[in-house]
Amino acid sequence: MGLDDYGGGQGPQPEVLVVTTNDVPGYRVQQVLGEVFGLTVRSRHIGSQIGAGLKSMIGGELRGLTKTLVQTRNQAMERLVEQARARGANAVLMFRFDVTEAADVGTEVCAYGTAVVLARE
């Protein structure tokens, strides 16, 4: 399995920059557009649940669940970027993920941050 199966994030020159910091060196916040988020709820595949149950008895990484969570987080982040772009933002500051159980049938992943317009200093 490749690097993309177990990781995520943006490429080298994203259309909308997403950072976990409050600011970006060399740029100033020209306009704050407000909170944006991307949300997805993903149910667990029955095969991965059975595999996870067996694996939990002997220990080790639950690769099927890891891959599913990576895909889910990437989808939530893509939705956040779409919302930011639609509002006219070129960056999202203070980016975070929130992950919770959704009624015992799946996992809810919310990517959120503050949409802004950045300008070079």
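Just so you know, all these numbers are worked out from the coordinates, no wet-lab data involved. Since the model is a prediction, treat every value here as computed from it, not as a measurement. Heads up, the Cβs are rebuilt from the backbone with ideal geometry, glycines too, and the neighbour counts pull from every protein chain shown.
Express in nm, to one decimal, how much length is gained between Val105 and Gln31 on full extension, taking 0.36 nm for each residue of separation and deducting their alpha carbon distance. Mind showing how you got there, number by number?
Working: separation 74, 0.36 × 74 = 26.64 nm, distance 3.97 nm.
Additional length available on full extension: 22.7 nm.
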From the backbone phi of the range 89-94, what are the Karplus-calculated ³J(HN,Hα) couplings (6.51 cos²θ - 1.76 cosθ + 1.60, θ = phi - 60°) in whole Hz, Gly and Pro given as x? 7, 10, 7, 10, 9, 6
Where Lys and Arg each count +1 and Asp and Glu each count -1, what net charge lies around Leu118 among other residues with Cβ under 13 Å from its Cβ? -1
Residue-ordered couplings for the range 64-80, obtained by feeding phi - 60° into the Karplus form 6.51 cos²θ - 1.76 cosθ + 1.60 and rounding to whole Hz (Gly and Pro as x), are x, 6, 4, 4, 5, 5, 4, 4, 5, 5, 5, 5, 4, 5, 4, 5, 4
Sequence order, the range 104-121: Karplus ³J(HN,Hα) from phi using 6.51 cos²θ - 1.76 cosθ + 1.60, θ = phi - 60°, Hz rounded, Gly and Pro as x, gives 6, 10, x, 10, 9, 10, 10, 9, 9, x, 10, 6, 9, 10, 9, 9, 4, 6
Per principal axis, descending, Cα span of the range 59-121 in whole Å: 51, 25, 16
Long-range amide H contacts for Leu118: which residues qualify at under 5 Å (H placed 1.01 Å from N, peptide plane, sequence gap of 5 or more or a different chain)? Gln30, Asn90, Ala91
Computed FRET efficiency, Cβ-Cβ of Thr21 and Gln71, R0 30 Å: what is it to the nearest 0.05? 0.70
